[in-house]
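Taking it in order: structure first as C-alpha coordinates, then the write-up.
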Amino acid sequence: MAAVLPEGRLFLITGPSGVGKGTLVAALLARHPQIWLSISATTRTPRSGEVEGQHYFFLERSAFEAKVAQGGLLEWAEFAGNCYGTPREPVERQLAAGRPVLLEIELEGARQVRRSFPSGFQIFIKPPSFEELERRIRGRGTDSEEAISRRLQRAQVELQAEAEFDAVLVNGDLNEALAQLERLMGLA
Ligand code: ADP
Ligand code: 5GP
(Lines give C-alpha, C1' and ligand atoms only; values in the text may rest on other atoms or scores of the structure.)
(Ligands and ions follow the chains in the order given, each with its own letter.)
Protein backbone atom coordinates (compact mmCIF):
# COMPACT_ATOMS: atom_id res chain seq x y z
CA MET A 1 0.00 0.00 0.00
CA ALA A 2 1.32 3.45 -0.86
CA ALA A 3 2.35 5.52 2.14
CA VAL A 4 0.01 8.43 2.88
CA LEU A 5 1.98 11.64 3.13
CA PRO A 6 1.07 13.99 5.98
CA GLU A 7 -0.61 17.17 4.76
CA GLY A 8 1.72 20.17 4.63
CA ARG A 9 1.04 23.10 6.91
CA LEU A 10 -0.38 26.36 5.58
CA PHE A 11 1.38 29.55 6.79
CA LEU A 12 0.20 33.04 5.95
CA ILE A 13 1.90 36.41 6.31
CA THR A 14 0.01 39.72 6.26
CA GLY A 15 1.05 43.25 7.06
CA PRO A 16 0.82 46.75 5.62
CA SER A 17 2.44 47.51 2.29
CA GLY A 18 6.08 48.50 2.79
CA VAL A 19 6.51 46.75 6.16
CA GLY A 20 9.05 44.36 4.62
CA LYS A 21 7.00 41.22 3.93
CA GLY A 22 8.65 40.58 0.56
CA THR A 23 12.12 41.16 2.02
CA LEU A 24 11.48 38.78 4.93
CA VAL A 25 9.93 36.11 2.71
CA ALA A 26 12.85 36.21 0.25
CA ALA A 27 15.32 35.76 3.13
CA LEU A 28 13.22 32.94 4.60
CA LEU A 29 13.02 31.05 1.29
CA ALA A 30 16.75 31.42 0.70
CA ARG A 31 17.36 29.65 4.02
CA HIS A 32 14.50 27.13 3.79
CA PRO A 33 13.99 26.07 0.17
CA GLN A 34 11.56 23.33 1.23
CA ILE A 35 8.92 26.03 1.76
CA TRP A 36 6.65 26.55 -1.23
CA LEU A 37 5.59 30.18 -1.82
CA SER A 38 2.28 30.73 -3.59
CA ILE A 39 2.48 33.02 -6.64
CA SER A 40 -0.56 35.27 -6.78
CA ALA A 41 -2.53 36.55 -9.73
CA THR A 42 -2.95 40.33 -9.97
CA THR A 43 -4.36 43.01 -12.24
CA ARG A 44 -1.60 45.42 -11.11
CA THR A 45 0.95 46.36 -13.78
CA PRO A 46 4.44 44.92 -13.19
CA ARG A 47 6.99 47.07 -11.36
CA SER A 48 10.36 47.32 -12.99
CA GLY A 49 12.24 44.06 -12.43
CA GLU A 50 9.11 42.00 -11.72
CA VAL A 51 8.91 38.79 -13.75
CA GLU A 52 5.70 37.08 -14.96
CA GLY A 53 5.18 33.79 -13.13
CA GLN A 54 7.91 34.56 -10.61
CA HIS A 55 6.61 37.57 -8.69
CA TYR A 56 3.01 37.41 -9.92
CA PHE A 57 0.83 36.19 -12.76
CA PHE A 58 -0.12 39.54 -14.30
CA LEU A 59 -3.67 39.38 -15.70
CA GLU A 60 -6.09 41.71 -17.45
CA ARG A 61 -9.12 42.38 -15.28
CA SER A 62 -11.36 40.27 -17.58
CA ALA A 63 -9.02 37.25 -17.22
CA PHE A 64 -8.93 37.76 -13.44
CA GLU A 65 -12.73 37.89 -13.31
CA ALA A 66 -12.94 34.68 -15.37
CA LYS A 67 -10.70 32.94 -12.82
CA VAL A 68 -12.94 34.12 -9.98
CA ALA A 69 -16.05 32.89 -11.83
CA GLN A 70 -14.47 29.44 -12.36
CA GLY A 71 -13.67 29.10 -8.64
CA GLY A 72 -9.99 29.04 -9.55
CA LEU A 73 -8.92 31.32 -6.68
CA LEU A 74 -8.68 30.25 -3.04
CA GLU A 75 -9.28 33.85 -2.03
CA TRP A 76 -9.13 37.22 -3.69
CA ALA A 77 -9.42 40.88 -2.73
CA GLU A 78 -9.14 44.37 -4.14
CA PHE A 79 -6.20 46.36 -2.78
CA ALA A 80 -5.35 49.98 -3.67
CA GLY A 81 -7.35 49.76 -6.90
CA ASN A 82 -6.13 46.36 -8.15
CA CYS A 83 -7.28 42.76 -7.72
CA TYR A 84 -5.07 40.11 -6.15
CA GLY A 85 -5.81 36.40 -5.65
CA THR A 86 -4.30 33.04 -4.76
CA PRO A 87 -4.56 30.31 -7.43
CA ARG A 88 -6.28 27.39 -5.71
CA GLU A 89 -4.96 24.28 -7.46
CA PRO A 90 -1.21 24.65 -6.79
CA VAL A 91 -1.80 25.35 -3.08
CA GLU A 92 -3.95 22.24 -2.70
CA ARG A 93 -1.41 20.16 -4.65
CA GLN A 94 1.57 21.29 -2.55
CA LEU A 95 -0.30 20.74 0.72
CA ALA A 96 -1.33 17.25 -0.42
CA ALA A 97 2.32 16.52 -1.22
CA GLY A 98 3.21 17.41 2.38
CA ARG A 99 5.08 20.65 1.67
CA PRO A 100 4.84 23.70 3.95
CA VAL A 101 2.96 26.35 1.96
CA LEU A 102 3.38 30.10 2.48
CA LEU A 103 0.92 32.80 1.38
CA GLU A 104 1.90 36.48 1.52
CA ILE A 105 -1.38 38.33 1.13
CA GLU A 106 -3.40 41.28 2.47
CA LEU A 107 -5.96 41.40 5.27
CA GLU A 108 -9.23 40.61 3.46
CA GLY A 109 -7.66 37.58 1.82
CA ALA A 110 -6.24 36.43 5.18
CA ARG A 111 -9.76 36.55 6.62
CA GLN A 112 -11.08 34.39 3.76
CA VAL A 113 -8.27 31.86 4.20
CA ARG A 114 -8.98 31.75 7.97
CA ARG A 115 -12.44 30.46 7.10
CA SER A 116 -11.30 27.86 4.55
CA PHE A 117 -8.12 26.76 6.42
CA PRO A 118 -8.81 27.26 10.13
CA SER A 119 -5.78 25.14 10.99
CA GLY A 120 -3.43 27.47 9.08
CA PHE A 121 -1.00 29.66 11.04
CA GLN A 122 -1.38 33.40 10.37
CA ILE A 123 1.35 35.91 11.19
CA PHE A 124 0.91 39.70 11.18
CA ILE A 125 4.02 41.76 10.45
CA LYS A 126 4.03 45.30 11.77
CA PRO A 127 6.48 48.21 11.52
CA PRO A 128 8.29 49.74 14.53
CA SER A 129 6.25 52.94 13.85
CA PHE A 130 3.97 54.46 11.20
CA GLU A 131 6.71 57.00 10.34
CA GLU A 132 9.12 54.14 9.62
CA LEU A 133 6.48 52.44 7.43
CA GLU A 134 6.12 55.61 5.35
CA ARG A 135 9.92 55.92 5.09
CA ARG A 136 10.12 52.33 3.79
CA ILE A 137 7.36 52.71 1.21
CA ARG A 138 8.97 55.92 -0.08
CA GLY A 139 12.47 54.44 0.15
CA ARG A 140 11.43 51.49 -2.01
CA GLY A 141 10.88 54.02 -4.79
CA THR A 142 8.47 51.87 -6.81
CA ASP A 143 5.11 53.54 -6.25
CA SER A 144 3.52 56.76 -7.52
CA GLU A 145 2.53 59.43 -4.98
CA GLU A 146 -1.11 58.38 -5.45
CA ALA A 147 -0.30 54.70 -4.84
CA ILE A 148 1.74 55.62 -1.75
CA SER A 149 -1.11 57.59 -0.22
CA ARG A 150 -3.65 54.79 -0.93
CA ARG A 151 -1.30 52.24 0.64
CA LEU A 152 -0.71 54.40 3.74
CA GLN A 153 -4.45 54.94 4.15
CA ARG A 154 -5.06 51.20 3.93
CA ALA A 155 -2.18 50.58 6.37
CA GLN A 156 -4.08 52.54 9.06
CA VAL A 157 -6.94 50.01 8.77
CA GLU A 158 -4.70 46.94 8.54
CA LEU A 159 -2.71 47.90 11.63
CA GLN A 160 -5.89 47.70 13.71
CA ALA A 161 -6.36 44.02 12.84
CA GLU A 162 -3.30 42.55 14.53
CA ALA A 163 -5.35 40.92 17.34
CA GLU A 164 -7.00 38.59 14.78
CA PHE A 165 -3.70 36.86 14.08
CA ASP A 166 -2.01 33.84 15.66
CA ALA A 167 1.20 35.84 16.10
CA VAL A 168 2.45 39.42 15.67
CA LEU A 169 6.02 40.19 14.67
CA VAL A 170 7.64 43.65 14.60
CA ASN A 171 10.00 44.04 11.62
CA GLY A 172 12.51 46.40 13.21
CA ASP A 173 15.91 44.79 12.81
CA LEU A 174 15.63 42.50 9.78
CA ASN A 175 17.82 39.67 11.11
CA GLU A 176 16.01 39.62 14.42
CA ALA A 177 12.62 39.57 12.63
CA LEU A 178 13.80 36.71 10.41
CA ALA A 179 14.93 34.71 13.45
CA GLN A 180 11.55 35.29 15.12
CA LEU A 181 9.73 34.24 11.97
CA GLU A 182 11.76 31.03 11.84
CA ARG A 183 10.88 30.30 15.46
CA LEU A 184 7.18 30.91 14.83
CA MET A 185 7.23 28.54 11.87
CA GLY A 186 9.06 25.86 13.81
CA LEU A 187 12.18 26.18 11.63
CA ALA A 188 14.67 27.27 14.28
P1 ADP B 1 6.30 44.75 1.49
O2 ADP B 1 6.59 43.47 0.71
O3 ADP B 1 5.75 44.50 2.84
O4 ADP B 1 5.47 45.73 0.71
P5 ADP B 1 9.16 45.28 1.05
O6 ADP B 1 9.77 43.96 1.37
O7 ADP B 1 9.05 45.67 -0.39
O8 ADP B 1 7.72 45.46 1.76
O9 ADP B 1 10.00 46.38 1.85
C10 ADP B 1 9.76 47.78 1.71
C11 ADP B 1 11.09 48.53 1.85
O12 ADP B 1 11.55 48.42 3.21
C13 ADP B 1 12.20 47.96 0.97
O14 ADP B 1 12.95 49.03 0.43
C15 ADP B 1 13.02 47.11 1.93
O16 ADP B 1 14.38 47.03 1.54
C17 ADP B 1 12.87 47.87 3.25
N18 ADP B 1 12.94 47.01 4.45
C19 ADP B 1 12.40 45.78 4.63
N20 ADP B 1 12.65 45.30 5.88
C21 ADP B 1 13.38 46.27 6.52
C22 ADP B 1 13.94 46.38 7.84
N23 ADP B 1 13.82 45.41 8.76
N24 ADP B 1 14.61 47.53 8.14
C25 ADP B 1 14.73 48.52 7.23
N26 ADP B 1 14.24 48.47 5.97
C27 ADP B 1 13.55 47.36 5.61
P1 5GP C 1 1.97 44.75 -4.03
O2 5GP C 1 1.19 45.52 -5.06
O3 5GP C 1 2.75 45.68 -3.11
O4 5GP C 1 2.80 43.64 -4.63
O5 5GP C 1 0.90 44.02 -3.09
C6 5GP C 1 -0.11 44.77 -2.49
C7 5GP C 1 -0.80 43.93 -1.42
O8 5GP C 1 -1.44 42.81 -2.02
C9 5GP C 1 0.17 43.36 -0.38
O10 5GP C 1 -0.39 43.60 0.90
C11 5GP C 1 0.21 41.89 -0.69
O12 5GP C 1 0.41 41.12 0.49
C13 5GP C 1 -1.19 41.67 -1.22
N14 5GP C 1 -1.33 40.46 -2.04
C15 5GP C 1 -0.43 39.89 -2.87
N16 5GP C 1 -0.92 38.78 -3.40
C17 5GP C 1 -2.17 38.61 -2.89
C18 5GP C 1 -3.20 37.62 -3.05
O19 5GP C 1 -3.08 36.64 -3.78
N20 5GP C 1 -4.35 37.82 -2.37
C21 5GP C 1 -4.56 38.88 -1.55
N22 5GP C 1 -5.71 38.95 -0.91
N23 5GP C 1 -3.61 39.83 -1.37
C24 5GP C 1 -2.44 39.69 -2.03
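The values are calculated or read from the model by the stated rules, or taken from the named source; none is laboratory data. Owing to the predicted nature of the structure, the values given are computational and were not obtained by experimental measurement. Counting neighbours? That spans all protein chains shown, and the Cβs are built from the backbone with ideal geometry, glycine included. Surface areas here come from the heavy atoms of the whole protein model, side chains and all, with no ligands, DNA or RNA. Shrake-Rupley method; radii C 1.70, N 1.55, O 1.52, S 1.80 Å.
Give me the net charge of THR14's neighbourhood, meaning all other residues with Cβ under 13 Å from the Cβ of THR14; Lys, Arg count +1, Asp, Glu -1. Intermediate results must be reported in sequence, preceding the final value.
Working: positive: LYS21, ARG111, ARG114, LYS126, ARG154; negative: GLU75, GLU104, GLU106, GLU108, GLU158, GLU162, GLU164, ASP166.
Around THR14, the surrounding residues sum to -3.
Test of understanding: what is the full-extension gain from ARG154 to ASN175, defined as 0.36 nm times their sequence separation minus their Cα-Cα distance?
Numbers: separation 21, 0.36 × 21 = 7.56 nm, distance 2.66 nm.
Residue separation times 0.36 nm, minus the Cα-Cα distance, leaves 4.9 nm.
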Seminar exercise, completed: Descending accessible area (1.4 Å probe), largest on the left, turns ASP166, ASP143 into ASP166, ASP143
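Where both partners of a DSSP beta bridge lie in the chain, what percent of those bridges are antiparallel, to the nearest 5? Mind showing how you got there, number by number?
Details: 8 of 25 bridges.
Taking every DSSP beta bridge within the chain, about 30 percent pair in antiparallel fashion.
Keeping all protein chains in place, calculate the accessible area per residue for the range 1-149 (probe 1.4 angstrom), answer in Å². All intermediate terms of the calculation are to be shown ahead of the outcome.
Details: 7580 Å² over 149 residues.
I get 51 Å² per residue for the range 1-149.
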Exercise. Once label points are set 7 Å from the Cα along Cα→Cβ at both ALA69 and ALA163, what is their separation, rounded to one decimal in nm?
Worked result: 4.1
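Heavy atoms only, probe 1.4 Å: what % of the accessible area of the chain goes to carbon and sulfur, would you let me know?
Values: 5030 of 9720 Å².
C and S fraction of accessible area: 52 percent.
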Seminar exercise, completed: Inter-part gap, Cα centre of the range 118-188 to Cα centre of the range 8-74, in whole angstrom, is 16
Problem set entry | Mean Cα-pair separation over length for the chain, i.e. relative contact order, pairs under 8 Å, 6 or more apart, % | 33
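Checking the a/c ratio against 1.5 first, then a/b against b/c, what shape does the Cα gyration tensor give for the chain?
Numbers: a/c = 1.68, a/b = 1.17, b/c = 1.44.
Oblate, since a/c reaches 1.5 and b/c is not below a/b.
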